[in-house]
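Here the structure comes first, spelled out in structure tokens, and everything after it is commentary.
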Amino acid sequence: MDLLSTLVDKGLRRVPPTREEALAVLAGPDDDLLDVVAAAGRVRRHWFGRRVKLNYLVSLKSGLCPEDCSYCSQRLGSKAGILKYSWLKPEEAAEAAAAGLAGGAKRVCLVASGRGPTDRDVDRVAETVRTIKERNGDVEVCACLGLLSDGQAERLRAAGADAYNHNLNTSEAAYGDITTTHTYADRVDTVRKAHAAGLSACSGLIAGLGETDEDLVDVVFALRELDPDSVPVNFLIPFEGTPLAEEWNLTPQRCLRILAMVRFVCPDAEVRIAGGREVHLRTLQPLALHLANSIFLGDYLTSEGGAGRADLEMIADAGFEVEGTDRVTLPEHRTDLVAVRRRGAGTDLAPNA
């Protein structure tokens, strides 16, 4: 059995590839790229059909972050020309969310800059979650507030939050090269806190930081071990005024291989194309829909995304359909796992659950 047939067979059975197989996906020649996309596309369609989940990002607080993450325009000492503002009021955030929901988004991602929330910040976000949920009962709400302290994930869950995002970004070995004000272990701890609180964990990576193929494989295998329900794949946008401003290392072909590798390693997880897709995938964005089953609609934190209408047209033209609020994104076995986590530690599925 050749490599791609082996990877498809494993993906359909939720069996992870070996590290060597994952590395081979990244290292292959451009001549076989369409074969790679077709193979990973079989795995994607097996678990998610031709549905594309739309997500919409609302920035609650921007800039003035004390962390030194080299990739971030909001980092300590950043000279990037971005908007800087303090917390949006719940009503303002709800109005911003309404724009994305009108465009077909089923998840709203509430993002705030900073190392992590204070308890007062959690109260603010909890009120915002409740306001959005009251207006749109079917919407999923994900919070992304940085490193969590004990008890904060539980409070967000009690307010109605469905998920929490905190990315690993890169491998443990490379982490100290991009951030010094917190550790890789800090990030892992926050993902585990979200899981333990019954939130659906969302955790992914940033490609294009100057990492090696080994770093990419390491971080994706680490994500598989943490078992997030959603894996966002960001492609670095090198902002002027940040240490990585000159790191233009990605091509559309490279981005497709990274997405394919993530799909093979995390076959039944929601794989989301996040920041940088327009910049780096460019005209090959429709091909990426054969690998990922989720995208952000419109703009991101401090960079402009494509117009929402153009995204909807791209999805339709590529032969995919927008996932409605009446559909559950995750396969049944993963949905059951989320239900177990929400019931609390020490529980298990009832026979007819």
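The values are calculated or read from the model by the stated rules, or taken from the named source; none is laboratory data. Quantities reported herein were computed from a predicted structural model and do not represent experimental measurements. We place every Cβ from the backbone using ideal geometry, glycine too, and count neighbours over all the protein chains shown.
Let's see how each residue does on (1) part of a loop (DSSP other than H, G, I, E, B); (2) crowded, with 19+ Cβ neighbours inside 10 Å; (3) at positive phi; (4) hydrophobic (A, V, I, L, M, F, W, C):
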{"residue": "VAL25", "(1), (2), (3), (4)": "no, yes, no, yes"}
{"residue": "ALA38", "(1), (2), (3), (4)": "no, no, no, yes"}
{"residue": "VAL58", "(1), (2), (3), (4)": "no, yes, no, yes"}
{"residue": "TYR71", "(1), (2), (3), (4)": "yes, yes, no, no"}
{"residue": "GLN74", "(1), (2), (3), (4)": "yes, yes, no, no"}
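Answer with yes or no whether PRO252 is under 25 Å from LEU54 (Cα atoms) and under 17 Å from the mean Cα position of the chain (by Cα).
Judged against the criteria, PRO252 is not a match.
Just one of the numbered conditions (1) surrounded by fewer than 24 Cβ atoms within 10 Å (Cβ to Cβ); (2) touching a residue at least 60 places away in the same chain (Cβ under 8 Å) is not true of GLU225; which one?
(2)
Going by what's in this entry, would PHE221 be described as more than 26 Å from LEU312 (Cβ to Cβ), out of contact with any Ser or Thr (no Cβ under 8 Å at 6 or more places or on another chain) and not aliphatic (A, V, I, L, M)?
Against the criterion (more than 26 Å from LEU312 (Cβ to Cβ), out of contact with any Ser or Thr (no Cβ under 8 Å at 6 or more places or on another chain) and not aliphatic (A, V, I, L, M)), PHE221 qualifies.
If you scan the stretch 194-215, which residues turn out to be under 29 Å from LYS106 (Cα atoms) and among the hydrophobic types (A, V, I, L, M, F, W, C)?
ALA194, ALA196, ALA197, LEU199, ALA201, CYS202, LEU205, ILE206, ALA207
Within the stretch 220-245, how many residues are among the polar types (S, T, N, Q) and assigned to a loop (DSSP other than H, G, I, E, B)?
Going through the stretch 220-245 one residue at a time, the tally reaches 1.
Looking only at the stretch 106-127, how many residues end up being under 15 Å from the mean Cα position of the chain (by Cα) and either β-branched (Val, Ile, Thr) or in a loop (DSSP other than H, G, I, E, B) (or both)?
Qualifying residue count, the stretch 106-127: 3.
Could you identify the single residue in VAL125, VAL111, VAL52, VAL15 that is touching a residue at least 40 places away in the same chain (Cβ under 8 Å) and over 21 Å from CYS144 (Cα atoms)?
When all the criteria are applied, what remains is VAL52.
Testing GLY104 on (1) modelled with pLDDT of 95 or more; (2) surrounded by 14 or more Cβ atoms within 10 Å (Cβ to Cβ); (3) under 28 Å from ARG334 (Cα atoms), one condition comes back false. Which one is that?
So GLY104 meets the others, but not (1).
Which numbered condition trips up TRP87, out of (1) outside any helix (DSSP H, G or I); (2) touching a residue at least 40 places away in the same chain (Cβ under 8 Å); (3) touching a Leu at 6+ places or on another chain (Cβ under 8 Å)?
(2)
So in the stretch 204-219, with the set limited to residues that are assigned to a helix (DSSP H, G or I) and aliphatic (A, V, I, L, M), which one is surrounded by the most Cβ atoms within 10 Å (Cβ to Cβ)?
Here the residue is VAL219.
Just to be sure before I move on: is LEU301 part of a helix (DSSP H, G or I), at pLDDT below 95 and closer than 25 Å to LEU110 by Cα in the structure I sent?
no
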